[in-house]
Amino acid sequence: MNYYDGNYMRSRVLIISDENILSSVYAANLSAYVGLKVIVAKTKSEIQNYLGRRDYVNLIVCANFLEDFPNISDEILNLISSVKLKSNIIMFNNLTEQNSTVAIPPSVIYIPNRYDIKSIVRSSAKLMNVTAKDMVALDVGDFYPLPLDLLKLTDQAFCDIYLRKEQKDEDEFELVYSKDDKINEKDISAEDDQVYVRSEKRLQCINFLTMQLIMHLKTTATPEEKLKAVEVSLESLASVLLSDEANLEEVSKVSQTCIKIIKEVIEESSELEKLLAYLLANKSSYLYTHSILATYVSQFILKQVSWGNSAQEEKMACAFFFHDIYLAPVYKEHPDAFEVEDLAYKLDVSEQNLNYILMHAKLAAEQVSKLKKLPNGVDQIILQHHGTRNGEGFAMDPGDDISPLSKVMMISESFVNFFFETKDKGQNFSNEQLITFLNQQYTNKSYHKLIAILKDLK
């Protein structure tokens, strides 16, 4: 049996990070999708050693900091400049915004979110002039290596996993875990730093493990870091959930972690403006920012009503996490779009996207109903979140035949839309203006009781 050892690779990437799991996710993706030979440097001396060998590396992916190298970005650029390296660089902190005194070469690409694996892969491929055709032509053998650290991202084998046993004539591959087996690191020798999967399964495995990254956020992560990871996880979950081979159990597990993180960040952020600052710092998409802020508003309402409780709050957080998942491809094509109702009237919206827009509540509800580990009733909230009982289209003036939690969801979304419109016009935002606007939008008295609660929201 032959295996892929990276010797066919044309270019080397130096990943600078002392976070083992994150480095392993970068390494797996850059190897599989871009065909790069991966080197990881965790200390200042290792970095200096690799960069001291002129043109040894073709691409550098640079973490924000290392424990023994706090000003890493400036130092790396200085080092590259002094030895006149031609390496391309990907960084996660914008030196221009930090008023850095170091000259920033044109070969530097800034990616604001270090969990945005797709952007890292795309940027690396662009810098290395690697096309999809190049990757298809790559001979990867029968078995493909993955960093051992990636097994820490899951407690269950995502496919058959092998260890390589060196033999005199030809290496053999020993099955250590069959698909769905429980993973126990004691089964693997301390001398092994890689495991192997069948090559035809490599991209599926890497996508699965990348999605799992959210599960291993450090408990000490800042609210900004947590929200960055959740945003990328939402995109990954959307692509997995809308695919033909969705692993619904894993989607449920990862989404529950994301929802828990969102609730924690909301509880840590005592004011709407503070939460907005976190989101804008991440340069988040409107779709994501809107969902997080609306979750914040809904949690405030549910804490004030007599029938609200922690179970209702969890349902609402789940509903907001998934409610617009079918709009993700639409907003990708129309990133300047604002309210979803406005999207329906854009002349350049394709017929398929128009169907997603008009049916997104129903489609999302149907998918969520398959995720058995989520709280009961989340699908019903999503189904009615535009005021129609069947989840099709948009109600102009929703009536009283909608579930109470769907009413809370609609009001919370309208609050956020009004908030953004006011900010966008450069006007001061006041709760009094908001309440007047919402009372005009929702004429039914049962909505007015919920709207009145927002006068105290800060």
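The values are calculated or read from the model by the stated rules, or taken from the named source; none is laboratory data. Because the structure is a prediction, the values reported are computed rather than measured. Positions of Cβ are generated from backbone atoms using ideal geometry, with glycine treated the same way; all protein chains shown enter the neighbour counts. SASA here: full protein model, heavy atoms, side chains in, ligands and nucleic acids out. Shrake-Rupley method; radii C 1.70, N 1.55, O 1.52, S 1.80 Å.
Give the number of residues within the stretch 427-458 that are in a loop (DSSP other than H, G, I, E, B) and under 19 Å from Phe394 (Cα atoms).
Applying the first criterion (in a loop (DSSP other than H, G, I, E, B)) to the stretch 427-458 yields 427-430, 442-444, 457-458.
Pick out the ones that are also under 19 Å from Phe394 (Cα atoms) and you get 442-444.
Summing the residues that are in a loop (DSSP other than H, G, I, E, B) and under 19 Å from Phe394 (Cα atoms) in the stretch 427-458 gives 3.
Among the residues of the stretch 400-425, the ones that are over 27 Å from the mean Cα position of the chain (by Cα) and under 11 Å from Phe437 (Cβ atoms) come to 1 in all.
One residue stands out among those in the stretch 156-171 that are assigned to a loop (DSSP other than H, G, I, E, B), surrounded by 13 or more Cβ atoms within 10 Å (Cβ to Cβ) and charged (D, E, K, R): the one that is nearest to the chain's Cα centre (by Cα), which is Asp160.
In the set (1) closer than 25 Å to Cys258 by Cα; (2) open to solvent by less than 40 Å² (accessible area, probe 1.4 Å), the condition left unmet by Lys373 is number (2). Being under 23 Å from Asp139 (Cα atoms), open to solvent by 70 Å² or more (accessible area, probe 1.4 Å), in contact with a strand residue (DSSP E or B) (Cβ under 9 Å, 6 or more places away or on another chain) and at pLDDT 80 or above is a property that holds for Glu174. Restricting the stretch 113-144 to residues that are of a type outside the set (A, V, I, L, M, F, W, C), modelled with pLDDT under 80 and open to solvent by 40 Å² or more (accessible area, probe 1.4 Å), the residue that is farthest from Phe173 (Cα to Cα) is Lys133.
Of all residues in the stretch 212-226, those that are out of contact with any Asp or Glu (no Cβ under 7 Å at 6 or more places or on another chain) and modelled with pLDDT of 70 or more total 6.
The set of residues from the stretch 1-16 being at pLDDT 85 or above and either of a type in the set (Asp, Glu) or under 25 Å from the mean Cα position of the chain (by Cα) (or both) comprises Val13, Leu14, Ile15, Ile16. Counting only helices (runs of 4 or more DSSP H) wholly contained in the stretch 322-417, the ones carrying 3 or more residues that are modelled with pLDDT of 90 or more occupy 351-368, 378-383.
Considering each of Gln299, Gln367, Gln380 in turn, give the residue that is closer than 16 Å to Glu413 by Cβ and either among the polar types (S, T, N, Q) or surrounded by fewer than 22 Cβ atoms within 10 Å (Cβ to Cβ) (or both).
Numbers: Gln367 fails: closer than 16 Å to Glu413 by Cβ; Gln380 fails: closer than 16 Å to Glu413 by Cβ.
Result: Gln299 is the single residue among Gln299, Gln367, Gln380 that is closer than 16 Å to Glu413 by Cβ and either among the polar types (S, T, N, Q) or surrounded by fewer than 22 Cβ atoms within 10 Å (Cβ to Cβ) (or both).
Does Leu434 meet the test of being under 22 Å from Ile292 (Cα atoms) and either surrounded by fewer than 14 Cβ atoms within 10 Å (Cβ to Cβ) or at pLDDT 95 or above (or both)?
It is false that Leu434 is under 22 Å from Ile292 (Cα atoms) and either surrounded by fewer than 14 Cβ atoms within 10 Å (Cβ to Cβ) or at pLDDT 95 or above (or both).
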